[in-house]
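See below for the structure under consideration.
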Amino acid sequence: MNKFWIVLWHTYITKLKSKSFIITTAITSLLILGVTNITHIIDFFNKNEKKTIAVMDQTEEMYKPLKAQLEKSGDKKISLEFFQGSEKAAKQKVESGQWEAFLKIAYDDKQLPEAVYYAKTVADSDTSDQVKEALQQIKTAMATAKIGLKQEQITQLYEPVSFQKIALEENAKTEEELNQARGLVYVLVFAMYMFVLMYGSMIASEVSTEKSSRIMEILVSSVPPVQQMFGKIIGVALLSLTQFLVLFAIGFSSLKSSGKELLQLLGFEHLPVSTLVYAVVLFLLGYFLYATLFAVLGSMVSRAEEVQQVVMPVTMLVIAAFLIAMFGLNAPEASFITVTSFIPFFTPMIMLLRIGMLNIPFWEVALSLVLLIGTIVLFAFLGSKIYRGGVLMYGKSTSLKDMKKALELTKK
């Protein structure tokens, strides 16, 4: 076992000190800080930005109501300026950058307001949409007044319908809890998807690189191949957990300091301990399942450029699990989601989705974990035998038939 621990810690420490790991962690941390503080960053750049819109009011009645409606909306970045000159002069001022836009308001044949919005480009749809919405409110008020409706009747007409969702099942989650759980599950599932793909490919690439440099022949003579495989898998698992904990701590701290709105939206304000524990367990089990497959397939090739082609079937399984989980975010009780949560290749993501969004019986979680662990043990047993012969095979791997050849080498 001493050789196993040597391989494990050598893999972990070497990767931990590598420039690629440090740079990747640093860049990802900066991206997380940027995403979690995106509202503050936008406000910082836009705090002094004032957008002036010139208004040519041919109705002689719309300017003041429009200005009042925009002020009522609470947006202080849009400023209206009354204009009485020619359209040509107004357009020139817009093109020169003096004004953000030029708005011409007139009456249509029904004596209701219509407008034309002129700007250098129409890429800034947010500003034009706010002006349009304010004008729409005025038009609605005028149209309803024309047919004799009182203000109280207008308010009642546009009042949103009362629609409540009440779960009859005992301990069922409320709509607010489901929305928070949806954000939490999305983050955890996406993190699992990224880490499994990234670190699984790392194992496969490392094995193939060692084979291509003929280091494997020296390693095989000193360390049993099975100990090599599991040493690398667990070493990289520790590395992935280290990076995950660092990024999670940075993201959580940033969310907590930047404001509670986004923290509450993502469901991290009251993070259930049980969900976090299940997430760690399923993350590790899913990693070991896929890492074993990546290591075995990596041992079948002797050139780094062949790795992606050989591991493609496993990569497709991970992508399929992620896509099913994304579908399940809006339909966690669907039969398709329930069935796939018991399929070991999909269990880590799909069962985490169900645990986070539903109150499912413990026996379902236990059964899925038993099936997942059993599959890991089976693949570890078969994988260790294939790995033992695969590391001694050189040349281009053309098909999965090479696994049979690897097993035959194991028996020799």
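The values are calculated or read from the model by the stated rules, or taken from the named source; none is laboratory data. A quick note: this is a predicted structure, and the numbers were derived from the prediction, not measured. When we count neighbours, we look across all protein chains shown, and the Cβ atoms used for this are built from the backbone with ideal geometry, even at glycine. Accessible surface is based on the protein model in full, side chains and every heavy atom, while ligands, DNA and RNA are left aside. Shrake-Rupley method; radii C 1.70, N 1.55, O 1.52, S 1.80 Å.
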Please find, within the range 335-373, the residue that is modelled with the lowest pLDDT out of those that are more than 13 Å from Leu289 (Cβ to Cβ), within 21 Å of the chain's Cα centre (by Cα) and in a loop (DSSP other than H, G, I, E, B).
Leu358
For the range 11-31, what are the residues that are small (Gly, Ala, Ser) and within 25 Å of the chain's Cα centre (by Cα)?
Ser20, Ala26, Ser29
For the range 53-61, check the following and say yes or no: at least one residue is modelled with pLDDT under 80, in contact with an Asp or Glu (Cβ under 8 Å, 6 or more places away or on another chain), under 19 Å from Gln130 (Cα atoms) and outside any helix (DSSP H, G or I).
no
In the range 99-145, the residues that are part of a helix (DSSP H, G or I), touching a residue at least 24 places away in the same chain (Cβ under 8 Å) and open to solvent by less than 60 Å² (accessible area, probe 1.4 Å)
Thr127, Ser128, Gln130, Val131, Ala134, Leu135, Ile138, Met142, Ala143
Filtered residues of the range 305-334 (kept if open to solvent by 50 Å² or more (accessible area, probe 1.4 Å), within 16 Å of Tyr199 (Cα to Cα) and modelled with pLDDT under 80):
Gln308
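Does the range 110-133 include one or more residues that are touching a Pro at 6+ places or on another chain (Cβ under 7 Å) and modelled with pLDDT of 80 or more? Outline the logic, then answer.
From the range 110-133, those touching a Pro at 6+ places or on another chain (Cβ under 7 Å) are none; that's our starting set.
Among the residues of the range 110-133, not one is touching a Pro at 6+ places or on another chain (Cβ under 7 Å) and modelled with pLDDT of 80 or more, which makes the answer no.
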Those residues of the range 247-292 which are basic (Lys, Arg) and at pLDDT 60 or above, in sequence order:
Lys256
If I go through the range 278-295 residue by residue, how many of them are closer than 17 Å to Leu367 by Cα and crowded, with 21+ Cβ neighbours inside 10 Å?
5
Subset tally (residues that are open to solvent by less than 60 Å² (accessible area, probe 1.4 Å) and touching a strand residue (DSSP E or B) at 6+ places or on another chain (Cβ under 6 Å)) for the range 71-98
6
